[in-house]
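Take a look at the structure below.
The values are calculated or read from the model by the stated rules, or taken from the named source; none is laboratory data. Just so we're clear, the structure is a prediction, and the values are computed from it rather than from any experiment. Just so you know, the surface numbers come from the protein's heavy atoms only, side chains and all, with ligands and any DNA or RNA stripped out. Shrake-Rupley method; radii C 1.70, N 1.55, O 1.52, S 1.80 Å.
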Amino acid sequence: MSRRPFFETNLLGLVNVLELCRRQSASLVLISSYVYGHPRSLPISEDHPLEAYNPYSLTKILAETDR
């Protein structure tokens with residue numbers, strides 16, 4: 001499975017949304033539990049380790065972190 005479509009859609013899509021937010025002086029909140037992989041405990045806390053277990057979750061982690 002190629003990762004390219006996930007990167008093109010999710011990361012370039014995010015760049016477009018961020019650009020619109022910049023032009024409109026708007027803020028953006030990203031919410032996704034998908035970046036945590038299989039939960040070690042419930043409810044999932046924000047300090048739960050991130051786990052990219054497929055290309056989609058990897059692009060979500062890249063979009064939502066400053067790493």
Find the accessible area per residue for the chain; the probe is 1.4 Å, ligands and nucleic acids are left out, and the unit is Å².
79
Taking the square root of 5 times each eigenvalue of the Cα gyration tensor, what semi-axes in Å does the equivalent ellipsoid of the chain have, largest first?
23, 17, 7
Taking all protein chains in place and a 1.4 Å probe, what share, in percent, of the accessible surface of the chain do carbon and sulfur account for?
54
By how many nm would the segment from TYR34 to CYS21 grow when fully extended, if each residue of separation counts as 0.36 nm and the alpha-carbon distance is taken off?
2.3 nm
